[in-house]
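Here is the structure we will look at.
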Amino acid sequence: MDDTKTAAPAAPAVDNKRKAEDGKGVAQQQQKKKQDPTKAKMGKLFGSIAQHAKHNRLVPALAELASTAQENMPLNLGLFNTLLYLATGGNNWELYARGREVPPTTDTNDEVTPAPSKDELIAAAGVVWDRMQACGVAGDNVTYTSLARIEAIKGNAAGALQWAQKCATTTHPVQLRLYHPAIVSFILTGDVASVLATDAEITAYGRDSLDLTEQEYALLLEAVTLHGDWAQVTGVLRRIGAELNQLAPPTVALISAYFESPRAACAFAAGAAATREEGVKAAEARLRDFRAKEAAEAAENVIAAVQRAANVPARRVRPPGPNLSGGGKLGLAGLAAAAAKAAAAAPPIFVEEEDEAGPRHTGSPSATAPASPSHASTQQPGGKGGGERGGAAGAGEGSGSPSSMADADAAAAATAAAAADAGASAADAAAADAAAAAAALAKAQEPALRRPWLSYPASASRWHVAAGQVPDKASGVCQAAGAPLEVVDLEEEEWASFAKAVAKLAMSQEQRKSDFQAYIDWYERNGPFDLLIDGANVAYYGQNRDGGGFNWTQIMQMSALVREQHPDKKFMLMLHRKRTSDAASQRPEVRAFLDELKSQRAFYHTPPGSNDDWYWLYATVRARSAGLLISNDELRDHIWGMLRPKHFLKWKSSHIAHYSFAADGRGGWRPVVHPPPPYTECTQELANGAWAFPCTDGNWLVVRPE
């Protein structure tokens with residue numbers, strides 16, 4: 001008890017000591033402020049100018065800058081960039097450049113500040129820039145952007161471009177907004193060639209880092225629709241289809257206004273004829289190249305068919321030589337060369353003809369010959385060769401395309417020679433087999449010959465514009481377009497680039513880079529996989545309830561469904577490693593399920609600390625156009641924004657299958673997979689010459705020639 005009474009008074013002494021130390025710290029801070037008045041003034045100046053910039057008060061901001069001249073106050077880059085931003089009109093710079101009215105600014109106290117005039121901005125920017133140079137402060141990409149904007153406000157397009165180009169020569173990162181002032185200025189002067197040259201410069205500089213967004217494409221559209229020709233308009237539209245998905249209403253409105261304008265009708269009339277002529281030549285060149293590469297293989301397929309039907313020993317095939325007669329009759333190898341020659345010498349695909357309706361495209365004169373059985377095998381119901389349908393009809397309709405007829409003639413020659421070599425008893429079987437081989441080649445050629453510009457009606461002179469269209473979700477058919485929409489996937493070289501980007505980003509996010517590299521090595525040994533199951537997503541489906549949790553049964557049901565519906569496809573299940581060691585995973589049926597998948601190399605568990613999203617995304621991308629992810633993940637995490645939109649959005653629209661669980665009628669549940677739509681929500685140029693443009697509001701704008 002005595003010890004307690006003695007110790008009690010010690011507590012106030014500790015409190016007093018702490019208070020003394022706190023008081024000493026405050027005193028030291030106050031002393032520092034007294035010793036550095038310049039720093040205090042700078043803080044006050046920066047805060048004041050930031051407020052002026054926020055409320056667009058140019059004059060008082062310049063007055064604050066002028067007040068520092070005599071005090072020799074050190075000014076930094078951030079302050080000058082704020083002043084330059086204010087001196088170029090802030091976010092209203094483009095209104096100034098276009099000569100439009102700029103609204104006043106109202107602050108929180110309802111004080112209205114009129115917008116400065118263009119001349120005031122130009123003068124203010126000069127003052128700030130001169131002071132910045134006098135202070136020896138070097139600029140960055142933000143500085144160069146402001147300087148480019150002031151040149152655009154002056155109407156100096158070349159000057160605006162020079163500032164962007166200067167930034168590109170420094171170590172500062174180049175951003176798309178650097179080039180906006182130059183593009184806007186070139187548009188206003190009607191210099192579409194310089195707009196497209198600037199676009200090419202951006203592409204060359206940032207091939208792997210600067211993807212144009214809808215904002216840049218809207219500017220390109222404005223340039224070509226106002227001052228360009230038909231080829232330039234379609235070039236930009238095709239790039240939009242390859243790079244973007246849904247378009248914002250203002251962009252769709254710009255496109256609609258163009259197609260409804262006389263400019264589009266004139267451009268179409270002039271461009272369609274030139275494009276047809278160019279397209280015919282291109283199609284014929286493609287077919288010649290195709291024949292040069294594939295005709296020999298096709299002939300070998302014909303010969304193989306004859307050999308199988310007639311049971312001709314392989315030793316009877318003689319090597320082809322200059323003398324194809326083989327001493328009086330064709331040998332099978334000589335026949336192969338003859339068939340290749342016949343295919344390569346087929347007549348042109350399309351011939352211009354004139355009638356009262358104007359030029360049209362038909363098949364070659366040989367297309368009017370009576371159809372043989374082989375010819376009939378390539379005919380599609382309802383087809384009438386030639387006419388206004390042009391290339392589409394010539395390639396696979398009517399009395400037979402020239403290419404299919406040439407191959408059928410070669411097949412007939414093969415049949416005759418085989419009959420002479422192997423006996424007439426095998427001729428009938430050989431004819432059927434050889435004709436099938438020739439028809440397969442003709443079908444393989446057909447997609448390469450389909451080009452929308454060959455399908456434009458020859459009499460078309462204007463566009464029919466239909467807004468608010470909604471295609472059928474199941475079939476992709478759009479009534480207004482008169483043709484189904486299609487899946488637009490990544491190009492071959494883009495798949496490789498996309499996979500590398502995913503791997504690079506995944507490794508930057510992983511706790512141990514070696515974990516993801518080990519996965520890549522495993523994939524190289526065991527992939528590719530057509531179908532990926534997001535195991536955790538499936539297991540937690542519908543489990544947000546009392547008693548819910550990680551459900552192995554749902555995973556096993558989904559795996560069984562995938563194997564049942566797609567026995568010819570290779571699939572993989574992916575889960576976190578911890579899921580394979582918890583109590584539920586030790587159940588006999590689960591262990592048997594996992595052991596089977598492991599034996600088939602169809603299972604991968606991600607290591608601790610890893611995000612399995614990167615793993616299944618990489619596997620799906622590596623499978624290219626065949627890859628399909630089964631998941632209800634909407635992929636809205638901000639991390640996905642680090643991937644190039646042109647790759648990620650295209651992949652996302654066509655390579656994710658959602659799912660649900662429905663009652664199975666026996667008191668249980670069964671999985672149901674909902675495949676992605678049979679078309680991509682992006683700008684499309686359809687086979688009949690129509691264009692379709694998806695809007696972010698869910699509707700489509702459709703235009704077609706008429």
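Inside the stretch 688-706, residues that are surrounded by 18 or more Cβ atoms within 10 Å (Cβ to Cβ) and assigned to a loop (DSSP other than H, G, I, E, B) make up a count of 2. Please count how many residues of the stretch 58-89 are over 18 Å from ARG177 (Cα atoms) and part of a loop (DSSP other than H, G, I, E, B). Residues in the stretch 58-89 being over 18 Å from ARG177 (Cα atoms) and part of a loop (DSSP other than H, G, I, E, B): 9 in total. Among the residues of the stretch 504-517, is any of a type in the set (A, V, I, L, M) and under 22 Å from the mean Cα position of the chain (by Cα)? Looking through the stretch 504-517, at least one residue is of a type in the set (A, V, I, L, M) and under 22 Å from the mean Cα position of the chain (by Cα).
Tell me yes or no: at least one residue of the stretch 482-495 is over 28 Å from the mean Cα position of the chain (by Cα) and more than 15 Å from LEU629 (Cβ to Cβ). For the stretch 482-495, residues over 28 Å from the mean Cα position of the chain (by Cα) and more than 15 Å from LEU629 (Cβ to Cβ): absent.
In the set (1) over 19 Å from LYS513 (Cα atoms); (2) polar (S, T, N, Q); (3) surrounded by 15 or more Cβ atoms within 10 Å (Cβ to Cβ), the condition left unmet by THR606 is number (1). When the residues of the stretch 597-622 are filtered to those that are closer than 14 Å to ASN526 by Cβ and among the polar types (S, T, N, Q), the one that is nearest to the chain's Cα centre (by Cα) is GLN600. In summary, GLU64 fulfils each of the numbered conditions (1) over 30 Å from ASN109 (Cα atoms); (2) at pLDDT 85 or above; (3) not β-branched (Val, Ile, Thr) with the single exception of condition (1). Here LEU86 passes the criteria (1) touching a Lys or Arg at 6+ places or on another chain (Cβ under 9 Å); (2) in contact (Cβ under 8 Å) with a residue 40 or more places away in the chain except the one numbered (2). The set of residues in the stretch 219-238 that are under 29 Å from PHE498 (Cβ atoms) and surrounded by fewer than 17 Cβ atoms within 10 Å (Cβ to Cβ) comprises GLY235, ARG238. For first residues located in the stretch 617-636 and over 15 Å from TYR519 (Cα atoms), partners that are assigned to a strand (DSSP E or B) and open to solvent by 40 Å² or more (accessible area, probe 1.4 Å) and lie 6+ apart or on another chain with Cβ distances below 6 Å form the pairs ASN632/HIS658.
Quick check: is even one residue across the stretch 86-93 among the aliphatic types (A, V, I, L, M) and closer than 14 Å to VAL59 by Cβ? Taking every residue of the stretch 86-93 in turn, at least one turns out to be among the aliphatic types (A, V, I, L, M) and closer than 14 Å to VAL59 by Cβ.
A single entry from LEU597, LEU635 fulfils the requirement of being surrounded by fewer than 20 Cβ atoms within 10 Å (Cβ to Cβ) and not in a loop (DSSP other than H, G, I, E, B): LEU597. Looking across the stretch 525-555, the residues that are touching a strand residue (DSSP E or B) at 6+ places or on another chain (Cβ under 7 Å), assigned to a loop (DSSP other than H, G, I, E, B) and open to solvent by 20 Å² or more (accessible area, probe 1.4 Å) come down to ASP530, TYR541, GLY542. If you go through the stretch 665-685 and keep only what is open to solvent by 40 Å² or more (accessible area, probe 1.4 Å), in a loop (DSSP other than H, G, I, E, B) and touching a strand residue (DSSP E or B) at 6+ places or on another chain (Cβ under 6 Å), you end up with PRO675, GLU681. When residues in the stretch 147-175 are screened for being surrounded by fewer than 16 Cβ atoms within 10 Å (Cβ to Cβ) and farther than 18 Å from TRP129 by Cα, 6 of them pass.
The values are calculated or read from the model by the stated rules, or taken from the named source; none is laboratory data. Nothing here was measured: the structure is a model prediction, and the numbers come from that model. No Cβ is skipped: glycine too gets one built from the backbone with ideal geometry, and neighbour counts run over all protein chains shown. Heads up: the accessible areas ignore ligands, DNA and RNA and are worked out on the full protein's heavy atoms, side chains in. Shrake-Rupley method; radii C 1.70, N 1.55, O 1.52, S 1.80 Å.
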